[in-house]
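**Q** Encoded as structure tokens, here's the structure I'll be asking about.
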Amino acid sequence: MTATPATAAALLADCVTVVDGHVTVTRPELLATERMDAVVWAAVFGDGEEKDYARWLLWEVGQQVGVRCASIHDLYMARGRGECGGFTVPAINVRAASYDTARAIFRTANRLDAGAFILEIARSEIAYTEQRPVEYVAVMIAAALREGFRGPLFIQGDHFQVNHKKFAADPVAEVNAVKQLVTEAVAAGFYNIDVDTSTLVDLSRPTLDEQQRPNYTVAVDICRFVRGAEPQGVTISLGGEIGEVGTENSTPDELHAFMRGFNRVLAEQAPGMAGLSKISVQSGTSHGGVVLADGSIADVALDLETLRTLGEIARDDYGLSGAVQHGASTLPDTAFGNFPKTETAEIHLATNFQTMLYDHLPASLTAEITAWLHEHAKDERKATDSDAQFIYKTRKKAIGPFKKQMWSLPADVKATLAAAYDAKFGFLFEQLGVAGTKPVVTKFVKPVRLQRVLGAPGVAAAPDDADLSD
């Protein structure tokens, strides 16, 4: 598939009109056709003005028909008040073949009447998958439109993390780097952000408050910055983190130390400012799982009582939605039904979907990627790594360089992968209890109409008399 300079405008000409920068959708049913495939291709692989125009057009069309970037903050605050619950929100890291992957997510949401799900990408993933925030948002909107989905899109910046080593060398520069990413992401439509300053916890200090102090003080600094970047009418959902994933399990005392410190400093520096809506904890998982020498993944000792206890404290004492579990996609299928039972607020799922994609690639492309990794990722190989371990741990780094090939898989491969994704997302949505959550999302989340001016950064609230037709 290729894009000519007029693709985006021409392909939607029979269903969208654009007059003086104002978009009107005349035949919304035509958005869910192959026209959208070519528009999103232009938004990702087009050149210059064509790419910018396609991204702008997708945003404005979404605003018109009710596919709008939104914050999950109000739903999470309602959960903290005990007004909803019984489900665990899946936060899905869409890394590779993003359009086709997201289409499967939206197909599942339509089939199961689900609204409580998050599409996310981490700071590190933005780099190695070569998906800047504005591109990511455009692709998610296009996938929703292609599948006829209507409702808020909860797009999240996952692990907007302060790197410990870089912070030690130059704390101002490292925090500013995260803030610069916040500026870019919020301007693009990321209205949910997980701030990860847990890397700064100093276990050498004698008290829990002192150990957590670098964590909560820098988190407050970034929180205040995020609040200053919010569009009118949007309260961004912010998450904090108390324990680095893959380390010791979190404890109630650690949660109290972080939250008391965070709330105290925020109240001192910015009285009345909205704080966190959730808190990430460590309960036995690790990002990507622990890969064994044969390439399989080791069993995980998931501590469900830690999740239950910390979630209750987060809700009862601090009004948050509850605890968040990272690194969950490599858990066995039997684990997922336990998350709603423990009232886990959110779980993060990434690596298994990447594995599913790699398992379906044509042999020739797999060989090409393997050769590329041996050349370009060889410095990441440990002396003890088997070939299977090395490939498993590094193949995510090939997603960006091979992005176009992954978007251009043969039709039969795409169809087989789509069926696999449909089954997996359906299973997860059912197990996590988010089937049927669209009404509760509609009750608590009211996405505002935000207008984007072609060629200008950010968005602005639409005037009261703007066309809000859905």
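Quick note: the coordinates plus some simple rules give every number you see, no bench work behind them. All of these numbers come straight from a predicted model, not from anything done at the bench. FYI the Cβ positions are ideal-geometry reconstructions off the backbone, even for glycines, and counts take in every protein chain you see.
**Q** Sequence-distant or interchain residues sharing an amide H contact under 5 Å with Val89, placed H: which?
**A** Glu346, Ile347
**Q** Among Gln156, Ala32, His374, pick out the residue whose Cα is farthest towards the positive end of the charge dipole of the chain, where Lys and Arg carry +1 and Asp and Glu carry -1 on C-beta, about the Cα centre.
**A** Positive-end residue among those listed: Ala32.
**Q** Have a look at the chain and give its Rg and Dmax from the Cα atoms, expressed in angstrom.
**A** 21.6, 68
**Q** I need the trypsin sites (Lys or Arg not before Pro) found in the stretch 371-456, filtered to DSSP loop residues with at most 11 other beta carbons within 10 Å of theirs.
**A** Details: sites: Lys378, Arg381, Lys382, Lys393, Arg395, Lys396, Lys397, Lys403, Lys404, Lys414, Lys424, Lys443, Arg449, Arg452; in loops: Arg381, Lys382, Arg449, Arg452.
Sites meeting the loop and neighbour criteria: Lys382.
**Q** Can you compute the charge dipole magnitude of the stretch 305-427 about its Cα centre, using +1 on each Lys and Arg Cβ and -1 on each Asp and Glu Cβ, nothing else charged? Give it in debye, rounded to the nearest 20. Could you put the intermediate results ahead of the total?
**A** On the way: 14 positive and 16 negative charges, 87 e Å.
Taking the Cα centre of the stretch 305-427 as origin, the dipole is about 420 debye.
**Q** About the Cα centre of the chain, how large is the charge dipole given +1 on each Lys and Arg Cβ and -1 on each Asp and Glu Cβ? Please answer in debye to the nearest 20.
**A** Here the chain has a charge dipole of around 340 debye.
**Q** Roughly how big is the stretch 73-163's charge dipole about its Cα centre, with Cβ charges of +1 (Lys, Arg) and -1 (Asp, Glu), in debye to the nearest 20?
**A** Value, rounded to 20: 160 debye.
**Q** Along the positive direction of the dipole of the stretch 207-264 (beta-carbon charges: Lys, Arg +1; Asp, Glu -1; about the Cα centre), which of Cys223, Gln211, Ser250 reaches farthest?
**A** Cys223
**Q** Have a look at Thr342, Phe390, Phe87 and report the one farthest towards the positive end of the charge dipole of the chain, computed about the Cα centre with Cβ charges (Lys/Arg +1, Asp/Glu -1).
**A** Positive-most Cα among the choices belongs to Phe87.
**Q** Which pairs, out of Lys278/Lys438; Lys278/Lys378; Lys341/Lys414; Lys179/Lys424, put more than 28 Å between their alpha-carbon atoms? Before the final figure, lay out the partial values.
**A** Details: Lys278/Lys438 20 Å; Lys278/Lys378 38 Å; Lys341/Lys414 35 Å; Lys179/Lys424 35 Å.
From Lys278/Lys438; Lys278/Lys378; Lys341/Lys414; Lys179/Lys424, over 28 Å: Lys278/Lys378; Lys341/Lys414; Lys179/Lys424.
**Q** Compute the relative contact order of the chain as a whole-number percentage, counting only Cα pairs closer than 8 Å that sit 6 or more residues apart in sequence. Present the calculation step by step, with values, prior to reporting the outcome.
**A** Details: 881 pairs, mean separation 101.4, N = 470.
Answer for the chain is 22 percent.
**Q** Counting DSSP beta bridges in the chain, what percent are antiparallel, to the nearest 5?
**A** Working: 7 of 37 bridges.
Of all bridge pairs located within the chain, approximately 20 percent are antiparallel.
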